[in-house]
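Peer 1: Could you have a look at this structure, given as structure tokens, before my questions?
The values are calculated or read from the model by the stated rules, or taken from the named source; none is laboratory data. Remember, predicted model here, so these are calculated numbers, not experimental data. With ideal geometry, Cβ positions are generated from the backbone for all residues, glycine too; neighbour counts draw on all protein chains shown.
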Amino acid sequence: MSSIEFPHLGIHLNHVIQTIHIFSFPVAVYGITMALGILSGLFMASWVAKKTEQDPEDYTNIALLGIVLGLLGARTYYVVFSWDYYRLHPGEILDFRGGGLALFGSLIGAVAAVLIYCHRKHLRIPLVLDTACTGMVTGQIIGRWGNFFNREAFGEYTDNLFAMRLPVSDVRADEVTALMREHQQTIDGTVYIQVHPTFLYESLWNLGVLIILLVMTLKGTKRRDGEIFLWYLLLYGIGRFWIEGLRTDQLLIPGTQVAVSQVLAASLAAVAAVLIIIIRKDSKLWQ
């Protein structure tokens, strides 16, 4: 089976592919989605750069560096917080095709790319972060749909309006909870689970974040360079904290049952909120 359904919305997709073949070479749709996210993010950042009288070429260069550091960051983040598995399978650490990328890690890598490039080119880091974050969140809006094609990163059982129905045979067994099995359904001989489509929640949340950032950027409502980036961290952090709590594939802080992404999201949001308040009081701290 390869179906994905949203029964309460009347959406029934009978054949959702995970790979396509180019000259007999399999290409994951997840990877294609990530590539589209990167290109869309670059387009958005370059467009904002033009609107704010910056050089779009700088953002192309940052994107090229960001692809490398973002990929390394995403993989490193995932491996570090899945170390109980990878210490027993060290040969899989560099197996990017096997899955295991964390968006928070890619965000860290992307910010590192901005800092490195700005240092080399003597650009104003806060201003570049303001522009780059519009590209980052655009990439996240599209990139999250890779989880849809992979049937992963979903939440606990739900019967709400947006509930997503998946054949249990199409998902990883360790992501299926007792509550999902308790409510599983058998339709025409196929066993289904019904879950929160957290990829959809995050994609829609980030779309709202992008709209707010663009309004603030183009209407000139910010007080200091860097404030748009702080609003991105605040708003994304709030949404990610909520959505992460729904997921069944959380990366946990070793030795605890605490989701590391929830801790990081809450921390980023709190720090960003404090700095926004300081900026709004005309402090020169962020100059």
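For (1) more than 20 Å from the chain's Cα centre (by Cα); (2) at negative phi; (3) surrounded by 14 or more Cβ atoms within 10 Å (Cβ to Cβ), each residue gets a yes or a no:
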| position | (1), (2), (3) |
| --- | --- |
| 87 | yes, yes, no |
| 101 | no, yes, yes |
| 110 | no, yes, yes |
| 114 | no, yes, yes |
| 120 | yes, yes, no |
| 126 | yes, yes, yes |
| 157 | yes, yes, yes |
| 165 | yes, yes, yes |
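Peer 1: Of a type in the set (Ser, Thr, Tyr) and touching a Ser or Thr at 6+ places or on another chain (Cβ under 8 Å): which single residue out of 256, 248, 221 fits that description?
Peer 2: 248
Peer 1: Of all residues in region 140-176, which are under 22 Å from residue 242 (Cβ atoms) and among the small types (Gly, Ala, Ser)?
Peer 2: Across region 140-176, the qualifying residues are 143, 146, 153, 155, 163.
Peer 1: Only one of these is out of contact with any His (no Cβ under 6 Å at 6 or more places or on another chain) and either aromatic (Phe, Trp, Tyr) or within 19 Å of residue 153 (Cβ to Cβ) (or both): 212, 253. Name it.
Peer 2: Details: 212 fails: either aromatic (Phe, Trp, Tyr) or within 19 Å of residue 153 (Cβ to Cβ) (or both).
Being out of contact with any His (no Cβ under 6 Å at 6 or more places or on another chain) and either aromatic (Phe, Trp, Tyr) or within 19 Å of residue 153 (Cβ to Cβ) (or both) holds for just one of 212, 253, which is 253.
Peer 1: For the structure I just gave you, tell me whether residue 179 is surrounded by fewer than 18 Cβ atoms within 10 Å (Cβ to Cβ), under 17 Å from residue 246 (Cβ atoms) and either among the basic types (Lys, Arg) or over 15 Å from the mean Cα position of the chain (by Cα) (or both). I'd like the intermediate steps shown before the answer.
Peer 2: On the way: surrounded by fewer than 18 Cβ atoms within 10 Å (Cβ to Cβ): yes; under 17 Å from residue 246 (Cβ atoms): yes; either among the basic types (Lys, Arg) or over 15 Å from the mean Cα position of the chain (by Cα) (or both): yes.
Judged against the criteria, residue 179 is a match.
Peer 1: Count, please, the residues in region 7-25 that happen to be surrounded by 11 or more Cβ atoms within 10 Å (Cβ to Cβ) and closer than 21 Å to residue 187 by Cα.
Peer 2: Within region 7-25, the first condition is being surrounded by 11 or more Cβ atoms within 10 Å (Cβ to Cβ), and the residues that meet it are 7-9, 11-13, 16, 18-20.
Next, only the ones that are closer than 21 Å to residue 187 by Cα stay: 7-9, 11-13, 16.
Total meeting the criteria: 7.
Peer 1: Sticking with this one: Of the numbered conditions (1) within 23 Å of residue 132 (Cα to Cα); (2) touching a residue at least 24 places away in the same chain (Cβ under 8 Å); (3) surrounded by 19 or more Cβ atoms within 10 Å (Cβ to Cβ), residue 4 fails exactly one; give the number of that condition.
Peer 2: (1)
Peer 1: Do you know which residues across region 128-144 are modelled with pLDDT under 95 and surrounded by fewer than 22 Cβ atoms within 10 Å (Cβ to Cβ)?
Peer 2: Correct list: empty.
Peer 1: Then there's this: What are the pairs with Cβ atoms under 7 angstrom where one residue, in region 259-287, is crowded, with 18+ Cβ neighbours inside 10 Å and the other, located anywhere, is in a loop (DSSP other than H, G, I, E, B) and at pLDDT 95 or above? Sequence gap at least six, or different chains.
Peer 2: none
Peer 1: Could I ask something else about it? Quick check: anything in region 200-218 small (Gly, Ala, Ser) and either more than 30 Å from residue 277 (Cα to Cα) or surrounded by 17 or more Cβ atoms within 10 Å (Cβ to Cβ) (or both)?
Peer 2: Initially, region 200-218 is screened for residues small (Gly, Ala, Ser), giving 203, 208.
After this cut, where a residue has to be either more than 30 Å from residue 277 (Cα to Cα) or surrounded by 17 or more Cβ atoms within 10 Å (Cβ to Cβ) (or both) as well, the list is 203.
Yes - at least one qualifying residue is present in region 200-218.
Peer 1: May I pose another question? Might you check whether a residue that is under 14 Å from residue 66 (Cβ atoms), among the aliphatic types (A, V, I, L, M) and more than 20 Å from the chain's Cα centre (by Cα) occurs anywhere in region 130-146?
Peer 2: Taking region 130-146 first, the residues under 14 Å from residue 66 (Cβ atoms) are 131-140, 143.
Going one step further and asking which of them are among the aliphatic types (A, V, I, L, M), we end up with 132, 136-137.
In the following step, the residues that additionally are more than 20 Å from the chain's Cα centre (by Cα) were identified as none.
Within region 130-146, none of the residues are under 14 Å from residue 66 (Cβ atoms), among the aliphatic types (A, V, I, L, M) and more than 20 Å from the chain's Cα centre (by Cα).
Peer 1: Please find, within region 44-62, the residue that is nearest to residue 114 (Cα to Cα) out of those that are surrounded by fewer than 19 Cβ atoms within 10 Å (Cβ to Cβ) and touching a residue at least 40 places away in the same chain (Cβ under 8 Å). Can you show your working first?
Peer 2: Filtering region 44-62 down to residues surrounded by fewer than 19 Cβ atoms within 10 Å (Cβ to Cβ) leaves 47, 50-53, 55-57, 60-61.
Within this subset, residues satisfying the condition of being touching a residue at least 40 places away in the same chain (Cβ under 8 Å) are 51-52, 61.
Details: 51: 19, 52: 17, 61: 10 Å.
Among residues in region 44-62 that are surrounded by fewer than 19 Cβ atoms within 10 Å (Cβ to Cβ) and touching a residue at least 40 places away in the same chain (Cβ under 8 Å), the one nearest to residue 114 (Cα to Cα) is 61.
Peer 1: So which helices (runs of 4 or more DSSP H) stay within region 1-101 end to end and still have 3 or more residues that are at pLDDT below 95 and under 19 Å from residue 142 (Cβ atoms)? Break it down stepwise before answering.
Peer 2: Details: elements: 29-51, 56-80, 83-86.
Ranges flagged: 29-51, 56-80.
Peer 1: Please count how many residues of region 106-127 are modelled with pLDDT of 95 or more and either in contact with a strand residue (DSSP E or B) (Cβ under 8 Å, 6 or more places away or on another chain) or among the polar types (S, T, N, Q) (or both).
Peer 2: The number of residues fulfilling the criteria is 0.
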